[in-house]
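Notes to accompany the following structure.
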Amino acid sequence: MNFVTFLSVFGGRLQLLCLLCSALPALPACSALPACRHVHVADRCARPGPPLLCVHQDFPPLSFRLISYKKRKPFYSILECFLDAARRHPTKVFIHFEGRAFSYAQVDRQSNQVARALQAEARLKEGDTVALFLPNEPNFVLSWLGLAKLGCPASLLNFNIRSKSLLHCFSCCGAKVLLTSPEMLDAVKEVLPTLREQGIRVFLLSDSCSIEGITALSDKISEASDEPLSPELRANIHIRSTALYIYTSGTTGLPKAAVVTHERVWAASFVQAASGTTAEDIFYLNLPLYHSAGFLIGLAGGIERGLTIVLKRKFSASQFWDDCRKYNVTVMQYIGETLRYLCNMPKVRLFLTLSGKFLHFSTSNSFACAEREREEPQSPNRHRERSPSRCLEGVPESIRGH
Ligand SMILES: *[C@@H]1O[C@H](CO)[C@@H](O)[C@H](O)[C@H]1NC(C)=O
C-alpha cells in the first residue's frame, strides 16, 4: 500500500465555502472569511504548510461542471452518474462489506430489483418520499439507488433514534412508507401502533415477518426482475428537486430535517474530486450513511469518482489498519476525534513510515504528527519507540483530549 489519505470533513460547510472561494475568489463572502485566504490549490496537496485548506487543482473545472448540470436536459443526477460507472466498469468492485464484494453491475441489478419490489408492493411513484431506517450496510445503498430509480426522495433516518424522535423525523418528511431491516425491528415495533394509525406502510428487508402491519420484502426483491427501469419514471426530477432528507443530530431537542436537493448532492460529492481522490482510490467509509458527511461526501463522492468503497458498520480503531492492508485502502474519511483514536494505536507509527504522503484537508492542524514522521530521516526502529503523545504533538488542544 502506498499511502492513506485522510479526508477531514470537520467543519465541512466552511470547507465547501472555501472551495467555492478558491474557484471564484471575487465573491464578496470570500474576502470576509479569513480562513479562505489560506486556501491553497495544488496537484495533490502533499505538503500542508501554512494554508488551512488544500484544494486540488481540478476544483475550478468542477464548478463549471455543476453549472453545466444545471442546464443539462434530461437532468443528469448522481444516479445517472452511477449508471454510467456501471456501464464503464461493470465488474469493478463498488462496495466491500464484511468479506463480500459487490460489483458496480451487481449493485445496479440488485437495486433494480429493490425498485421493482417497492413499485409493486408500495405503489410508489415519482416524488413519493420513503424513509430508510437501516444500518450501515449494502442494503442502505441498494435501497437508496432503487428509490432514486423511481424518482423517489429518501429520508435518511438516524439508526440510533427511538420512539418520539423517530416518529418526529418520520413525520417531518411526509413519508408514507418506511423501509427497515430486522436489526431495527424493536425500535419499529415501539412506534408501530402510531405508524399504523397514520396509515404508514412498513416494509422489512427480510424473507418473512409475522408482525401485523409489517410486510416482508426480501422474497419479493429476489423474485423481481433485475432489468433496468425506464428513465421515464423519474423524468420530472430536476436539479432543485428534493433528493434526500437528512437530519441534524438533535442533541438540543428534536432532530431537524434538512432538505437536500440534487444540486446540493452534486456540490457535496465534489469534495472528493476537489481533494484529489481518483477512480483508482479505495475509500474507507466508516461514517454513518444517514449523515451528510458519510452519504454525500463519502458515498455520492465515491460514485462521482467511480471508485471502490470499503463500507463499515461503524468505526473501529482496532480493525482499521488491518482493513487498510486487506483492502488496499488509500483514502479514509474522518470526522473530529477519529484521528486521535488512530494516533493512540501502537501500530500507527509503523504505518506512517509506509504512508509517507498525506493529503492535508482539514481546518485543524491534526496532521502534524503524520507530517513530522514523514519529514524526519527514517530509521528502522525509531517509529516503534515513539510514545502516543509524540504522535499528537501539534494537534490542537481541542482534539488532543485525555
Ligand atoms: C491488494 O493489493 C494486492 C497487491 O497488489 C493484491 O494482490 C490484492 O488482491 C489486493 N486486495 C484487494 C482486496 O483488492
Q: Write out, first by first residue and then by second, each pair whose Cβ atoms fall under 7 Å of each other, whose residues are 6+ apart or on separate chains, and whose first residue, in region 72-89, is more than 18 Å from VAL265 (Cα to Cα) and outside the structural domain of GLY146 (by TED's automatic domain parsing) while the second is loosely packed, with under 15 Cβ neighbours inside 10 Å and modelled with pLDDT of 95 or more.
A: none
**Q.** Number of the condition not met by LEU53 [criteria: (1) modelled with pLDDT under 95; (2) within 16 Å of the ligand (Cβ to nearest atom)]
**A.** (2)
Q. Any idea which residue in region 311-327 is nearest to the ligand (Cβ to nearest atom), counting only those that are touching a residue at least 40 places away in the same chain (Cβ under 8 Å) and surrounded by fewer than 22 Cβ atoms within 10 Å (Cβ to Cβ)?
A. TYR327
Q. Looking only at strands (runs of 3 or more DSSP E) that fall completely inside region 58-143, which ones have 1 or more residues that are more than 30 Å from SER171 (Cα to Cα) and within 16 Å of the ligand (Cβ to nearest atom)?
A. 93-97, 100-103
Q: Quick one: count up the residues across region 105-131 that are under 26 Å from LYS312 (Cα atoms) and either free of Cβ contacts under 8 Å to residues at least 24 places away in the same chain or basic (Lys, Arg) (or both).
A: 3
Q: Filter region 295-310 down to residues that are modelled with pLDDT of 90 or more and away from the ligand (no atom under 14 Å from the Cβ), then give me how many there are.
A: 11
Q. Among SER241, SER249, SER269, SER225, which is in contact with a strand residue (DSSP E or B) (Cβ under 8 Å, 6 or more places away or on another chain) and in contact (Cβ under 8 Å) with a residue 24 or more places away in the chain?
A. SER241
Q: Residues being within 12 Å of TYR290 (Cβ to Cβ) and either without any contact (Cβ under 8 Å) to a residue 60 or more places away in the chain or of a type in the set (A, V, I, L, M) (or both): count how many of those fall in region 145-165.
A: 5
Q | Residue in region 257-294 that is nearest to the ligand (Cβ to nearest atom), counting only those that are among the hydroxyl-bearing types (Ser, Thr, Tyr) and more than 23 Å from ARG325 (Cα to Cα) | A | SER269
Q) Among (1) without any contact (Cβ under 8 Å) to a residue 12 or more places away in the chain; (2) out of contact with any strand residue (DSSP E or B) (no Cβ under 6 Å at 6 or more places or on another chain), which single condition is SER208 missing? A) (2)
Q) Looking at region 202-272, what strands (runs of 3 or more DSSP E) fall wholly within it and have at least 3 residues that are crowded, with 17+ Cβ neighbours inside 10 Å? A) 242-247
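If I filter region 275-293 for residues that are part of a helix (DSSP H, G or I) and either more than 15 Å from the chain's Cα centre (by Cα) or under 24 Å from ASN158 (Cβ atoms) (or both), do I get at least one hit?
Taking every residue of region 275-293 in turn, at least one turns out to be part of a helix (DSSP H, G or I) and either more than 15 Å from the chain's Cα centre (by Cα) or under 24 Å from ASN158 (Cβ atoms) (or both).
The values are calculated or read from the model by the stated rules, or taken from the named source; none is laboratory data. Everything quoted here is computed from the prediction, not taken from an experiment. A quick note on method: Cβ atoms are made from the backbone with ideal geometry, for glycine too, and the neighbour counts reach across all protein chains shown.
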